[in-house]
Amino acid sequence: MPQFLDKIIDSVSHFWSAFTSSYDLFLEGLWLTLKLSAASLLIAFVIGLFFAILKISKFKPLEWIADAYIWIIRGTPLIVQIFVLYYGLVEFIIIPPFWAGVIGLAIHSGAYIAEIIRGAIQSIDKGQMEAGSSLGMTKFQTMRRIILPQAFRRAVPSLGNQFIIGIKDSSLVSFIGAQELFGVSSSLGSNSFDFLTFYIVVAVYYLVIVLVLTAVVNVIEKRMAKSD
Amino acid sequence: MLTNKEILRVAKLNKSFGDLHVLKDIDLAVDESDVVVLIGASGSGKSTLLRCLNFLEFKDNGAIYLEDEKIEKETHNLNQVRQRIGMVFQHFNLFPHKTVLENIIEAPIHVKKYLRNKQLKKGKPYWTKSDLVTNMMYIHRHCLEVKNNV
């Protein structure tokens, strides 16, 4: 029994010393992960909104363009998309790892966000568009002032979910050489051959990010419920 | 005897949904300050007629005159025409993300481009004085809240 306890104490103190001795490297990785995620999700949101509007357009070719984009992006793995941007396009253009990652993540999340926003817009009662028209508002005005504010409220939980996925997906950018969180943990693991410890350390970092983001989304949801 | 100016005239208006011929040769004239009541069985086309008058549905043939001006979707900017017509929907279609006051001032500010502060001052007396309207709005609002909480 004491032997067993000793082992646990050993492992915990080993984990703790790995955690404290590596935090400066991990904080750099964390900063890069946050920059990658923030930039890509911001662009993804704009892309998503754009293609959501195309998708509900009555002009069929616009809808087909959106359908094609969503089909291609959702139908291929993110790692393939990132590798195409970074290695595949090398003959034509050399994109630095950070921006290849940002663009890859943005067009990837953009396809999912487009579907989320489209669903939210279509869930708003048709009468709201008619009410806007009957007041003499243009389609664009009604969309911006009446439909979209209500649609975004409905989309907040799904968008939060998609943002969490986006942050975790940013770990794939380490495969084209960005030293973000997962890249740092892989390097430290292969330097010391202590992969288990450093992968658990990086898992803790991701858990904390997601915990904070979940709390933020919950606060936004509550605030919107109050004003509804 | 005072003869009022004609505001709205409908001539030989027809509207079908597929095989269902809803409005058959409708004629209607409304003078200034007239109050007209349309009565009919459910499904007889009362709402369809009103929706045609606000161009939310498009007539098959016939004519609609607003202040002696023949309105056609091809020749008119319908949003500008609709600014001259007020309409309350069967289910009100209020904007649930806006307050009662914001519902009232939405069109004057963003369609007619009146100044917001002026409109706020103008809007307030309306919704405190006309109890009927505000009560209906509050009840509707309350219903929405109840519905959302279930």
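The values are calculated or read from the model by the stated rules, or taken from the named source; none is laboratory data. All figures in this text were calculated on a predicted structure; none of them were measured in a lab. Ideal geometry is used to build each Cβ from the backbone, glycine not excepted, and the neighbour counts take in all protein chains shown.
For (1) part of a loop (DSSP other than H, G, I, E, B); (2) at the interface with chain A (Cβ under 10 Å from one of its Cβ atoms); (3) buried (at least 18 other Cβ atoms within 10 Å of the Cβ); (4) out of contact with any Cys (no Cβ under 9 Å at 6 or more places or on another chain), each residue gets a yes or a no:
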site: B:40; (1), (2), (3), (4): yes, no, no, yes
site: B:48; (1), (2), (3), (4): no, no, yes, yes
site: B:52; (1), (2), (3), (4): no, no, yes, yes
site: B:55; (1), (2), (3), (4): yes, yes, yes, yes
site: B:58; (1), (2), (3), (4): yes, no, no, no
site: B:63; (1), (2), (3), (4): no, no, no, yes
site: B:75; (1), (2), (3), (4): yes, no, no, yes
site: B:85; (1), (2), (3), (4): yes, yes, no, yes
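Restricting to region A:144-167, and then to whatever is surrounded by fewer than 16 Cβ atoms within 10 Å (Cβ to Cβ) and farther than 12 Å from residue A:113 by Cβ, can you tell me which residue is farthest from the chain's Cα centre (by Cα)? This residue is A:144. Condition first: at pLDDT 95 or above and under 15 Å from the mean Cα position of the chain (by Cα). Can you find one or more residues in region A:194-207 that meet it? Yes, region A:194-207 contains at least one residue that is at pLDDT 95 or above and under 15 Å from the mean Cα position of the chain (by Cα). Filtering region A:55-79 to residues that are in contact (Cβ under 8 Å) with a residue 60 or more places away in the chain and in a helix (DSSP H, G or I) leaves A:55, A:78, A:79.
Looking at region A:178-193 only, could you name the residues that are surrounded by 14 or more Cβ atoms within 10 Å (Cβ to Cβ) and of a type outside the set (S, T, N, Q)? Result: A:178, A:180, A:181, A:182, A:183, A:184, A:188, A:189.
A single entry from A:34, A:42, A:30, A:25 fulfils the requirement of being in a helix (DSSP H, G or I), buried (at least 19 other Cβ atoms within 10 Å of the Cβ) and not aromatic (Phe, Trp, Tyr): A:30. May I ask you to verify whether residue B:25 is among the charged types (D, E, K, R), at pLDDT 90 or above and either within 18 Å of the chain's Cα centre (by Cα) or closer than 24 Å to residue A:131 by Cα (or both)? No; evaluated as a whole, the condition is false for this residue.
Yes/no per residue for (1) within 14 Å of chain B (Cβ to nearest Cβ); (2) under 26 Å from residue A:34 (Cα atoms):
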position	(1), (2)
A:61	no, no
A:70	no, yes
A:126	yes, no
A:135	yes, no
A:150	yes, no
A:155	yes, yes
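Across region A:137-148, the qualifying residues are those that are facing chain B (nearest Cβ under 9 Å) and not basic (Lys, Arg), and the one among them that is nearest to residue B:95 (Cα to Cα) is A:146.
I'd like the full set of residues that are assigned to a helix (DSSP H, G or I), among the small types (Gly, Ala, Ser) and away from every other protein chain (no Cβ under 14 Å), limited to region A:171-228.
A:171, A:174, A:183, A:185, A:186, A:187, A:189, A:190, A:192, A:203, A:215 - these are the residues of region A:171-228 that are assigned to a helix (DSSP H, G or I), among the small types (Gly, Ala, Ser) and away from every other protein chain (no Cβ under 14 Å).
Report yes if residue A:110 is buried (at least 22 other Cβ atoms within 10 Å of the Cβ), closer than 18 Å to residue A:56 by Cβ and either touching a residue at least 24 places away in the same chain (Cβ under 8 Å) or of a type in the set (Gly, Ala, Ser) (or both), otherwise no. For residue A:110, the condition - buried (at least 22 other Cβ atoms within 10 Å of the Cβ), closer than 18 Å to residue A:56 by Cβ and either touching a residue at least 24 places away in the same chain (Cβ under 8 Å) or of a type in the set (Gly, Ala, Ser) (or both) - is met.
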